[in-house]
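Here's the structure, in structure tokens; my notes come after.
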Amino acid sequence: MELEGRVALVTGGTSGIGRETAVHFAKAGAKVVVAGRREQEGQETVELVDAAGSSGFFVKADVSKAAEVEALIQKTVERFGRLDIAFNNAGIEGVWVPIVRQSEEDWDRTIAINLKGVWLCLKYEIQQMLKQGGGGAIVNMASIVGQIGSAGAAAYSASKHGVIGLTKSAALEVAKNRIRINAVCPAVVETDMGKRIFGAPAVHKFVLGCHPIGRFGRPAEIAEAVVWMCSDRASFMTGQSLVLDGGFLAGPNAPS
């Protein structure tokens, strides 16, 4: 129960890594606010949080809209009195096509949710933590595609590179206020998003071969890392990007 007495926020908590992390936060003793655009799935996550022995509630919010993010933080404080932990996980894959075929609309939407959304969340989360006198931990969802390029995924890759740069800058701004800000960079994880992108048999086989460990990641493995990053065990870590990739980046990016 290392997070007992703390309040955690998870954006994109309606499924996958976000849902799993919300449950892990609850098991560690934190009260959990689940945010997302799909209310039914969000309520299902809250039920899992409650079943894990904690308490939570859902707030419908689009992280690309400043007013909704600001309201999300306000509702968190109204319900639980404070904010100690945030996992800025909300994101979309966008449309994976070559740049010459990518629409301006898709570029704008991907950047708005994946990058602007993280910036907005940081802005209002940090404001609240400073009001409380400082202290707190924030983890942003990046990707190994924020560390390397990926043909056909320019908008997604650019957004995740941006998240890593944003994480470093934000961490430097508030380090003296005892607010730690880091990013997590998974390779392919067994989620609905992963199935949408890599579900075709030939694509699945190729991408699986790029993971020397011989499998894709599991949501629980990412959740465990995020909980650690938000705990006092990671008290000397800030401005960093933790890679969880089954060996993907350790060698040439080609099937083994």
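Observations on the structure shown:
- Modelled spin-label separation between Arg79 and Arg101, with each label point placed 7 Å from Cα along the Cα-to-Cβ direction: 4.2 nm.
- Shown in residue order for segment 136-146 are the 3J(HN,Hα) couplings computed by the Karplus curve 6.51 cos²θ - 1.76 cosθ + 1.60 at θ = phi - 60°: x, 9, 10, 10, 9, 7, 10, 4, 5, 6, x Hz (x for Gly and Pro).
- Residue exposure sequence - Asp245, Asp106 - by fewest surrounding Cβ within 10 Å: Asp106, Asp245
- Paramagnetic label reach from Ser150 (point 7 Å along Cα→Cβ; backbone nitrogen cut-off under 17 Å): within segment 68-97, residues 89-97.
- Computed FRET value (nearest 0.05) for Lys123 with Lys205, which takes r as the C-beta separation and R₀ as 41 Å: 0.45
- Folded to 0 to 90 degrees: helix 39-51 orientation relative to the chain principal axis, Cα: 60
- Charge dipole (Cα centre; +1 on Lys/Arg Cβ, -1 on Asp/Glu Cβ; no other charges) of segment 44-94 amounts to roughly 180 debye.
- Straight-line reach from Lys205: taking Cα to Cα under 22 Å and skipping same-chain neighbours fewer than 8 places apart, the lysines in range are Lys195.
- Charges were assigned to the Cβ only: +1 to each Lys and Arg, -1 to each Asp and Glu. The resulting dipole of segment 48-156 about its Cα centre is roughly 240 debye.
- Euclidean distance of C-alpha centroids, segment 58-74 and segment 194-229, integer Å: 29
- Cα-Cα pairs of the chain separated by more than 25 Å (percent): 39
- Whole-Å semi-axes of segment 126-196's equivalent ellipsoid (Cα gyration tensor): 29, 13, 9
- Annotation for segment 1-58: GluC sites (Glu not before Pro) lying in DSSP loop with at most 12 further Cβ atoms inside 10 Å of their Cβ are Glu4.
- Extension gain, Ala51 back to Glu93 (0.36 nm per residue minus Cα-Cα distance, nm): 12.1 nm
- Filter on Lys31/Lys60; Lys75/Lys168; Lys60/Lys131; Lys60/Lys160; Lys27/Lys131; Lys65/Lys116 - keep pairs with C-alpha separation over 19 Å: Lys75/Lys168; Lys60/Lys131; Lys60/Lys160; Lys27/Lys131
- At q = 0.16 Å⁻¹, base-10 log of I(q)/I(0) for segment 1-75 (Debye sum, equal scatterers on each alpha carbon): -0.47
- Protection proxy ranking, peptides 192-201, 8-17, average beta carbon neighbours within 10 Å, highest first: 8-17, 192-201
- Gyration tensor (Cα) of segment 1-148, equivalent ellipsoid semi-axes in angstrom: 27, 17, 14
- Among His24, His204, His161: highest mean-square fluctuation, GNM of the chain, C-alpha pairs under 10 Å: His204
The numbers here are math on the coordinates, done by the rules we state, and not lab data. Everything numeric here is computed off the predicted structure, so don't read it as measured data. In this analysis, Cβ positions are derived from the backbone assuming ideal geometry, glycine residues included, and neighbour counts consider all displayed protein chains.
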